[in-house]
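One structure is given below, encoded as C-alpha coordinates.
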Amino acid sequence: MLKKLFSGIGNLLYLVAILLLFSIALILMLHSVWQIIIDFSSTELFIQNMLQAIGATIVAIALIDVAKYLVEEELFRKRELRSPEEARKTLTKIITILIIAIGLEGLVYIFKAGMTDLSQLIYPALLFISATFALIALGLYQKLSVNTESKTNDG
(Lines give C-alpha, C1' and ligand atoms only; values in the text may rest on other atoms or scores of the structure.)
Protein backbone atom coordinates (compact mmCIF):
# COMPACT_ATOMS: atom_id res chain seq x y z
CA MET A 1 0.00 0.00 0.00
CA LEU A 2 2.81 2.41 0.87
CA LYS A 3 4.51 1.61 -2.44
CA LYS A 4 1.30 2.42 -4.32
CA LEU A 5 0.93 5.72 -2.43
CA PHE A 6 4.49 6.83 -3.24
CA SER A 7 4.04 5.74 -6.84
CA GLY A 8 0.90 7.90 -7.08
CA ILE A 9 2.66 10.87 -5.48
CA GLY A 10 5.60 10.40 -7.84
CA ASN A 11 3.29 10.32 -10.86
CA LEU A 12 1.52 13.46 -9.63
CA LEU A 13 4.85 15.27 -9.25
CA TYR A 14 5.91 14.18 -12.74
CA LEU A 15 2.61 15.48 -14.08
CA VAL A 16 3.13 18.85 -12.35
CA ALA A 17 6.69 19.07 -13.74
CA ILE A 18 5.46 18.18 -17.24
CA LEU A 19 2.72 20.82 -17.10
CA LEU A 20 5.22 23.41 -15.85
CA LEU A 21 7.66 22.60 -18.66
CA PHE A 22 4.93 22.88 -21.30
CA SER A 23 3.67 26.13 -19.73
CA ILE A 24 7.12 27.69 -19.63
CA ALA A 25 7.72 26.67 -23.24
CA LEU A 26 4.43 28.23 -24.31
CA ILE A 27 5.15 31.44 -22.37
CA LEU A 28 8.60 31.68 -24.00
CA MET A 29 7.14 31.36 -27.47
CA LEU A 30 4.28 33.80 -26.83
CA HIS A 31 6.63 36.36 -25.30
CA SER A 32 8.92 36.08 -28.32
CA VAL A 33 6.05 36.70 -30.73
CA TRP A 34 4.85 39.62 -28.61
CA GLN A 35 8.32 41.25 -28.66
CA ILE A 36 8.48 40.91 -32.44
CA ILE A 37 5.05 42.53 -32.84
CA ILE A 38 5.91 45.39 -30.47
CA ASP A 39 9.20 46.24 -32.19
CA PHE A 40 8.03 45.60 -35.74
CA SER A 41 8.62 49.21 -36.85
CA SER A 42 12.26 49.41 -35.71
CA THR A 43 14.52 47.46 -38.08
CA GLU A 44 17.39 47.11 -35.59
CA LEU A 45 15.20 45.99 -32.71
CA PHE A 46 13.16 43.77 -35.02
CA ILE A 47 16.19 41.79 -36.15
CA GLN A 48 17.54 41.48 -32.60
CA ASN A 49 14.13 40.34 -31.36
CA MET A 50 13.84 37.84 -34.22
CA LEU A 51 17.17 36.32 -33.18
CA GLN A 52 16.09 36.28 -29.54
CA ALA A 53 12.80 34.69 -30.59
CA ILE A 54 14.69 31.97 -32.43
CA GLY A 55 16.80 31.31 -29.34
CA ALA A 56 13.74 31.26 -27.09
CA THR A 57 11.94 28.92 -29.48
CA ILE A 58 14.92 26.57 -29.46
CA VAL A 59 14.84 26.49 -25.67
CA ALA A 60 11.05 25.98 -25.78
CA ILE A 61 11.43 23.04 -28.16
CA ALA A 62 14.04 21.50 -25.86
CA LEU A 63 11.65 21.93 -22.90
CA ILE A 64 8.82 20.32 -24.85
CA ASP A 65 11.08 17.40 -25.82
CA VAL A 66 12.07 16.85 -22.20
CA ALA A 67 8.41 17.02 -21.14
CA LYS A 68 7.47 14.53 -23.87
CA TYR A 69 10.24 12.23 -22.67
CA LEU A 70 8.90 12.43 -19.11
CA VAL A 71 5.38 11.63 -20.30
CA GLU A 72 6.55 8.65 -22.35
CA GLU A 73 9.05 7.20 -19.89
CA GLU A 74 7.63 8.05 -16.48
CA LEU A 75 3.87 8.22 -16.87
CA PHE A 76 2.99 5.86 -19.72
CA ARG A 77 5.61 3.15 -19.43
CA LYS A 78 5.33 2.69 -15.65
CA ARG A 79 8.42 0.54 -15.44
CA GLU A 80 12.09 0.92 -14.81
CA LEU A 81 14.80 0.44 -17.38
CA ARG A 82 15.35 -3.27 -17.48
CA SER A 83 17.97 -3.80 -20.13
CA PRO A 84 21.18 -2.10 -21.22
CA GLU A 85 19.59 -1.53 -24.64
CA GLU A 86 16.68 0.34 -23.08
CA ALA A 87 19.05 2.49 -21.00
CA ARG A 88 21.14 3.27 -24.09
CA LYS A 89 18.11 4.34 -26.09
CA THR A 90 16.82 6.54 -23.28
CA LEU A 91 20.15 8.27 -22.68
CA THR A 92 20.65 8.69 -26.41
CA LYS A 93 17.31 10.47 -26.70
CA ILE A 94 18.11 12.89 -23.87
CA ILE A 95 21.65 13.67 -25.04
CA THR A 96 20.47 14.14 -28.63
CA ILE A 97 17.94 16.76 -27.47
CA LEU A 98 20.72 18.60 -25.63
CA ILE A 99 23.13 18.45 -28.58
CA ILE A 100 20.52 19.86 -30.95
CA ALA A 101 19.61 22.65 -28.53
CA ILE A 102 23.27 23.59 -27.99
CA GLY A 103 24.01 23.57 -31.72
CA LEU A 104 21.00 25.68 -32.63
CA GLU A 105 21.74 28.13 -29.84
CA GLY A 106 25.29 28.45 -31.17
CA LEU A 107 23.88 29.21 -34.62
CA VAL A 108 21.64 31.95 -33.24
CA TYR A 109 24.58 33.54 -31.41
CA ILE A 110 26.71 33.43 -34.56
CA PHE A 111 24.09 35.52 -36.36
CA LYS A 112 23.89 37.92 -33.41
CA ALA A 113 27.66 38.33 -33.23
CA GLY A 114 27.91 38.73 -37.00
CA MET A 115 25.49 41.65 -36.86
CA THR A 116 27.03 43.45 -33.91
CA ASP A 117 30.54 42.55 -32.81
CA LEU A 118 32.71 39.82 -34.32
CA SER A 119 34.74 39.61 -31.11
CA GLN A 120 31.66 37.96 -29.59
CA LEU A 121 32.09 34.88 -31.79
CA ILE A 122 34.05 33.04 -29.07
CA TYR A 123 30.87 32.08 -27.18
CA PRO A 124 29.10 30.50 -30.19
CA ALA A 125 32.35 28.77 -31.14
CA LEU A 126 32.53 27.27 -27.64
CA LEU A 127 28.92 26.17 -27.97
CA PHE A 128 29.71 24.38 -31.24
CA ILE A 129 32.81 22.79 -29.72
CA SER A 130 30.71 21.62 -26.74
CA ALA A 131 28.05 20.18 -29.05
CA THR A 132 30.75 18.44 -31.10
CA PHE A 133 32.36 16.87 -28.03
CA ALA A 134 28.94 15.81 -26.74
CA LEU A 135 28.21 14.20 -30.11
CA ILE A 136 31.57 12.39 -30.09
CA ALA A 137 30.94 11.22 -26.52
CA LEU A 138 27.48 10.00 -27.52
CA GLY A 139 28.98 8.07 -30.42
CA LEU A 140 31.56 6.46 -28.13
CA TYR A 141 28.87 5.63 -25.61
CA GLN A 142 26.74 4.06 -28.34
CA LYS A 143 29.67 1.98 -29.65
CA LEU A 144 30.74 0.79 -26.19
CA SER A 145 27.22 0.02 -25.00
CA VAL A 146 26.31 -1.87 -28.18
CA ASN A 147 29.49 -3.94 -27.77
CA THR A 148 28.53 -4.61 -24.15
CA GLU A 149 24.99 -5.54 -25.13
CA SER A 150 26.18 -8.00 -27.76
CA LYS A 151 28.61 -9.62 -25.28
CA THR A 152 25.82 -9.86 -22.68
CA ASN A 153 23.42 -11.40 -25.19
CA ASP A 154 26.06 -13.86 -26.46
CA GLY A 155 27.20 -14.99 -23.00
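The values are calculated or read from the model by the stated rules, or taken from the named source; none is laboratory data. All values derive from a computational prediction rather than experimental measurement. Only protein heavy atoms, including side chains, enter the accessible area calculation; ligands, DNA and RNA are left aside. Shrake-Rupley method; radii C 1.70, N 1.55, O 1.52, S 1.80 Å.
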For the chain, calculate the relative contact order in percent as a whole number, restricting contacts to Cα pairs under 8 Å that are 6 or more residues apart. 22 percent
Report, to the nearest whole %, how much of the accessible area of the chain belongs to carbon and sulfur atoms, 1.4 Å probe, protein only. 72 percent
Per residue, how much accessible area does the chain show when a 1.4 Å probe rolls over the protein heavy atoms, in square angstrom? 69 Å²
Compute the length gained on full extension between Ile37 and Ser7: take 0.36 nm times their separation in residues and subtract their Cα-Cα distance, giving the result in nm to one decimal. 6.3 nm
As a test of the formula, what do you get for the chain when each DSSP H run with n ≥ 4 contributes -39,500 (n - 2.57) and the sum is divided by the residue count, at 222 nm and rounded to the nearest 500 deg cm²/dmol? -30500 deg cm²/dmol
Need one number: convex hull volume per residue for the chain, Cα atoms only, in Å³. 112 Å³
Ranked by GNM mean-square fluctuation in the chain (Cα springs under 10 Å), the top entry among Thr96, Thr116, Thr57 is Thr116
